[in-house]
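The values are calculated or read from the model by the stated rules, or taken from the named source; none is laboratory data. Note that the structure is a prediction, hence the values are computed from the model and not measured. In this analysis, Cβ positions are derived from the backbone assuming ideal geometry, glycine residues included, and neighbour counts consider all displayed protein chains. All accessible areas refer to the heavy atoms of the entire protein, side chains included, with ligands and DNA or RNA removed. Shrake-Rupley method; radii C 1.70, N 1.55, O 1.52, S 1.80 Å.
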Amino acid sequence: MFSAPNAFQRATVPPETRESEPRHPQPATDGAAATTTAPVRTTAPAPAKRRDPWFDNVKYLAIVLVAVAHAWEPVMDGSRATRALYMVVYTFHMPAFILISGYFSRSFDMSPAKVKRLVGTVVVPYVLFETAYSLFRRYAGGYDTSISLLDPWYLTWFLVALFVWRVTTPLWLSLRHPLPVALGLGLLALVTPDIGDDLDLQRVLQFLPFFVLGLTLKPEHLRLIRRREARILAVPLFAGALALAYWTAPHMRLSWLYHSSSAQELDAPWWSGVVMYLVLFVFALALTIGFMALTPRRHMWFTVLGAGTICGYLLHGFLVKGAGYFGLFDHYTWLSEPAGLVVVTLTTAAAVTLLCTPPVHRALRFATEPKLDWLFRRELAGR
């Protein structure tokens with residue numbers, strides 16, 4: 001997802017405009033010994049694919065919101081306004097990422113070349129970073145934890161989910177009504193506490209509808225989101241969401257926003273969990289559309305950073321968790337005050353921006369996009 005494929009398709013020349021070559025050469029008619037040469041078909045090289053800056057802008061701004069929200073968690077308890085902002089951001093930041101991931105997974109067909117890329121960009125980063133985070137938690141945080149690839153911790157759940165969602169893409173694309181089916185699975189997960197923690201299946205299934213929705217989107221749907229009317233409507237939408245979040249902040253249980261637990265585990269009756277899940281899905285979808293509508297469509301100074309969001313996502317957790325492990329928030333209690341919250345926000349946004357820069361992306365390519373020619377058969381090595 002993070003390095004999304006190009007949104008533009010390669011232009012092709014319509015068949016009726018192509019130059020056709022005569023089947024047989026025509027004889028000369030002037031009596032001279034003429035040499036007839038068939039027209040030479042010239043094929044212009046296909047233009048290089050261009051990235052749509054809008055998608056890169058969406059990805060960059062979404063990863064900034066992800067990191068900032070994580071940084072707010074240790075310092076927001078004393079601020080109702082920050083808690084309300086956190087609730088709004090957490091309602092849509094991962095759904096936005098997941099929806100874009102689904103949109104760019106529409107062509108996944110389990111072909112050998114795409115399976116190879118899936119292993120390199122999802123499976124290998126998961127194994128490496130799940131191991132790294134487990135070791136970091138043990139030696140920096142002092143937790144007696146073991147390395148378990150079946151129980152993703154903190155950020156790495158998304159890579160597990162992306163793998164499951166992507167390998168099931170052909171199934172979703174073959175269904176007549178995939179979104180209702182995905183919503184049904186999410187609801188079943190929500191009322192099934194026995195699913196357990198393996199592969200964080202609660203999150204995988206509860207967030208699944210956003211991925212499936214992305215699979216079903218067409219370019220004309222996205223053109224509607226990019227219309228001026230959508231941008232205008234997004235402003236009162238977010239204003240209303242912030243007001244509602246401020247009103248409910250003291251009473252809202254934040255665990256509902258994480259989609260990592262069943263209703264029973266949250267001490268709620270199953271029917272209220274169903275209602276909460278559907279309400280949050282509608283809110284998340286509306287805010288995701290509003291967020292995408294407000295995102296600049298033109299090339300910005302941060303557009304190039306959209307290609308490096310995988311690095312920002314996987315690395316910022318070390319900074320946020322490290323600050324907690326080393327007592328930064330306990331020692332500097334003023335960070336929970338309004339001025340401190342501004343400092344935390346700006347510092348985190350700057351840090352994740354640096355982590356998305358091309359030099360970091362290139363340096364981390366061995367972990368996020370490794371060359372796996374040695375692992376696959378020779379006919380796939382060059383793909």
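Here are a few things to note about the model shown:
- The numbered conditions (1) in contact with a helix residue (DSSP H, G or I) (Cβ under 7 Å, 6 or more places away or on another chain); (2) modelled with pLDDT of 95 or more; (3) not basic (Lys, Arg) are all true for LEU199 except (2).
- Enumerated helices (runs of 4 or more DSSP H) restricted to the stretch 250-351, each holding at least 2 residues that are more than 23 Å from the chain's Cα centre (by Cα) and surrounded by fewer than 20 Cβ atoms within 10 Å (Cβ to Cβ): 270-294, 309-325, 328-331
- Residues (part of a helix (DSSP H, G or I) and on the phi > 0 side of the Ramachandran plot) located in the stretch 191-216: LEU199, ASP200
- Verdict on ASP200 being open to solvent by less than 40 Å² (accessible area, probe 1.4 Å) and more than 26 Å from ALA293 (Cα to Cα): yes
- On the stretch given as the stretch 115-168, residues that are open to solvent by 60 Å² or more (accessible area, probe 1.4 Å), within 22 Å of CYS311 (Cβ to Cβ) and at pLDDT 90 or above total 5.
- Checking VAL191 against (1) touching a helix residue (DSSP H, G or I) at 6+ places or on another chain (Cβ under 6 Å); (2) open to solvent by less than 50 Å² (accessible area, probe 1.4 Å); (3) closer than 26 Å to VAL115 by Cβ, the condition it does not meet: (3)
- Taking the conditions (1) in a helix (DSSP H, G or I); (2) open to solvent by 10 Å² or more (accessible area, probe 1.4 Å); (3) in contact (Cβ under 8 Å) with a residue 40 or more places away in the chain in turn, SER107 satisfies each one other than (1).
- In the stretch 137-177, of all residues being free of Cβ contacts under 8 Å to residues at least 24 places away in the same chain, closer than 30 Å to LEU328 by Cβ and not in a loop (DSSP other than H, G, I, E, B), the one that is nearest to the chain's Cα centre (by Cα) corresponds to ARG138.
- Residues that are open to solvent by 60 Å² or more (accessible area, probe 1.4 Å) and modelled with pLDDT under 95 are absent from the stretch 235-245 altogether.
- Count of residues meeting criterion [under 27 Å from ALA69 (Cβ atoms) and either exposed (fewer than 11 other Cβ atoms within 10 Å of the Cβ) or touching a residue at least 60 places away in the same chain (Cβ under 8 Å) (or both)] in the stretch 352-383: 7
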